[in-house]
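Trainee: Sharing a structure with you now.
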Amino acid sequence: MAISTGQQYIDRINRLQSDVWHNGKKITGKISEHPAFSGVMKSQAALYDMQHDKKRIDLMTYTCEKTGERIGTSFLRPMTKEDLEKRRKMIQVWAKASFGMMGRSPDYKNTNIMALAAASDILAEQGPQFPQNLLRFYETASLKDLSFTHTFIAPQVNRSSMHYESEDDIVAARIVDKNKEGIVIKGARLLATQGGITDEIIVSSSGLKMFEEPYAYAFSIPSNTEGLKFICRESFAYDSSPFNHPLGSRFEEMDSVIVFDNVLVPWDRLFVVENIEVANNLYSKSSFKPLVLHQVVSRQVMKAEFVLGVAQLIVNTIAIGEYQHVKEKICEIIIALENHKALLLASEMGAKPDQWGTMVPDLTPLSAATLQFPKVYPRFMEILQLLGASGLVTIPTEADMKSPIRGDIDQYIQAAYSDAESRIRLFRLAWDVSMSAFGSRQTLYERFFFGDPNRLTQGLYFEYNRHQIVEDVKNAFGI
């Protein structure tokens with residue numbers, strides 16, 4: 001089978017010995033055993049193992065026509081609406097396993113790769129080798145079931161629209177040389193989630209820097225490429241106890257700044273080189289956006305369902321369901337969840353083949369969903385805080401539960417419909433999703449998951465076809 005097992009994934013990443021820095025120290029030895037990465041790598045490994053479940057193998061995988069091997073469904077290029085449905089169901093199996101907390105689970109980048117490869121001929125004007133590079137990359141990624149992180153944006157040094165860097169003081173990663181072996185990249189990029197714990201990193205251009213050719217490029221290279229460095233933030237998995245940190249201990253994905261210290265990118269690894277138009281077209285003229293948003297919204301539905309479950313458990317446990325404002329808050333989550341589900345299904349119902357024959361979901365409902373979630377998710381967290389109130393800060397630890405004060409805890413921290421331990425487990429869960437460092441990062445992550453909400457709003461404003469609606473109103477009232 002082409003599909004990886006969890007252990008194969010872990011072994012591959014350990015062998016890479018990538019240049020990863022955390023808390024002032026370079027990580028040596030097995031990164032899968034480092035406290036900052038062990039939890040999420042185990043969780044990711046469990047996702048790979050789910051592809052081998054005999055009861056779900058037909059959903060989680062498909063058969064490669066070329067080799068006859070089983071490939072993960074996240075690499076499947078949809079050619080029918082049934083394919084889109086299969087992709088959604090598979091994505092949601094993985095998303096449910098992580099409660100939607102892993103925004104960079106393998107299906108996200110696998111979908112990215114598939115979407116770009118499906119429109120690879122956009123690259124042909126640079127030369128026939130570039131679409132061939134992309135197609136070969138897609139085939140290798142799917143047959144080896146590789147894992148990926150990515151970086152699209154420049155560091156936040158000066159975000160004014162007229163800022164241009166000096167060639168002598170490089171910050172944003174750019175091409176500084178070309179030779180017979182490839183191009184040389186120097187500078188830094190943001191923001192590689194799961195940086196250092198994937199097989200490869202995909203690097204592509206985005207933003208204002210695209211107006212200058214040295215910043216127009218796209219490629220993928222192994223995470224242990226010479227000169228490539230991952231600088232990680234503080235880990236939010238600062239307690240490995242699943243009792244104390246039921247989410248952070250398992251799903252803290254880590255974010256990192258990527259430093260390119262004269263990194264050589266071989267020609268056969270390149271998709272775009274110093275071509276601004278092609279770099280833009282690769283994302284704007286392909287079906288990248290709707291195909292990727294289909295994966296994103298599929299995950300967000302499962303995350304919203306999880307939050308609803310936590311909120312209702314709080315209501316049930318401390319018997320606050322009789323209050324009208326509590327019912328209203330729960331219904332807020334329900335309405336947002338059902339809207340998200342409806343928009344996702346509407347995108348599949350309105351799917352049509354694109355010019356390359358790929359079955360593409362309708363972009364409009366997906367864009368609406370993508371604009372909705374950054375607004376409702378922070379409200380979800382506020383609702384959890386309002387429902388949990390003081391219960392979210394009266395949460396003894398696992399050590400307390402094993403101490404001589406256990407009797408006091410059992411007596412004074414019990415709930416109307418649960419014992420003290422069950423109540424504490426629930427409230428620690430609600431705290432971890434809504435108030436801990438891990439939970440706060442999740443809120444920020446959802447606010448900006450697919451970019452600046454203001455920019456996304458402008459995109460929907462221009463994309464949405466309302467010409468006939470306007471004409472109908474004009475004609476009806478003689479305007």
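Trainee: Name the shape class, rounded, prolate or oblate, that the alpha-carbon gyration tensor gives for region 361-461, where a ≥ b ≥ c are the square roots of its eigenvalues, rounded holds for a/c under 1.5, and otherwise prolate holds if a/b is larger than b/c and oblate otherwise.
Mentor: Prolate shape, in that a/c is at least 1.5 and a/b is the bigger ratio.
Trainee: Also, quick follow-up: Sum -39500 (n - 2.57) across every DSSP H segment of at least 4 residues in the chain, then divide by the residue count to get the 222 nm mean residue ellipticity, nearest 500.
Mentor: -15000 deg cm²/dmol
Trainee: Please identify the trypsin sites (Lys or Arg not before Pro) of region 52-130 that satisfy two criteria: DSSP loop assignment and at most 16 other Cβ atoms within 10 Å. Which are they?
Mentor: Qualifying residues, ordered by number: Lys54, Lys55, Arg56, Lys66.
Trainee: Would you list, by chain and number, the lysines whose Cα falls below 28 Å from the Cα of Lys327, excluding same-chain residues fewer than 8 positions away?
Mentor: Answer for Lys327, where 28 Å is the Cα cut-off: Lys96, Lys303, Lys341, Lys375, listed by chain and number.
Trainee: Now a separate question. Let me know the shape class of region 251-405, please: from the alpha-carbon gyration tensor, a ≥ b ≥ c as square roots of the eigenvalues, rounded when a/c is under 1.5, otherwise prolate if a/b is greater than b/c, or oblate.
Mentor: oblate
Trainee: Defining a contact as two alpha carbons under 8 Å apart and six or more residues distant in sequence, what relative contact order in percent does the chain show?
Mentor: This gives 16 percent for the chain.
Trainee: Could you order Asp199, Asp268, Asp11, Asp19 so the one with the most accessible surface comes first? Probe is 1.4 Å.
Mentor: Asp268, Asp11, Asp19, Asp199
Trainee: For region 426-476, which trypsin sites (Lys or Arg not before Pro) are both in a DSSP coil and crowded by at most 16 other Cβ atoms within 10 Å?
Mentor: Answer in residue order: Arg466.
Trainee: So which aspartates and glutamates can Lys144 reach, going by Cα to Cα under 19 Å and dropping same-chain residues fewer than 8 places off?
Mentor: Candidates past the 8-residue exclusion: Asp11, Asp49, Asp53, Asp58, Glu65, Glu69, Asp107, Asp199, Glu200, Asp268.
Trainee: Can you give the charge dipole size of the chain about its Cα centre, rounded to the nearest 20 debye, using +1 on the beta carbon of Lys and Arg and -1 on the beta carbon of Asp and Glu?
Mentor: 600 debye
Trainee: State the extension gain, in nm to one decimal, for the chain segment bounded by Lys178 and Glu471, taking 0.36 nm per residue of separation less the distance between their alpha-carbons.
Mentor: Using 0.36 nm per residue and subtracting the Cα-Cα distance, I get 100.1 nm.
Trainee: Read through the labelled values (1) 38, 29, 23; (2) 35, 26, 21; (3) 53, 25, 19 and report the label of the one computed as semi-axes √(5λ) of the Cα gyration tensor in Å from the structure.
Mentor: (1)
Trainee: For region 1-93: lysine pairs with Cα atoms under 27 Å, gap of 8 or more or different chains, count?
Mentor: The number of close lysine pairs in region 1-93 is 19.
Trainee: OK, next. Using only Cα atoms, find the angle between the long axis of helix 363-388 and the longest principal axis of the chain, and express it within 0 to 90 degrees, rounded to the nearest 10.
Mentor: 30 degrees
Trainee: Could you compute the net charge surrounding Val40? Neighbours are other residues with a C-beta less than 11 Å from the C-beta of Val40; K and R count +1, D and E count -1.
Mentor: That works out to +1.
The values are calculated or read from the model by the stated rules, or taken from the named source; none is laboratory data. This is a predicted model, so every value here is computed, not measured. As a convention, Cβ positions derive from the backbone with ideal geometry for all residues, glycine included, and neighbour counts pool all protein chains shown. Only protein heavy atoms, including side chains, enter the accessible area calculation; ligands, DNA and RNA are left aside. Shrake-Rupley method; radii C 1.70, N 1.55, O 1.52, S 1.80 Å.
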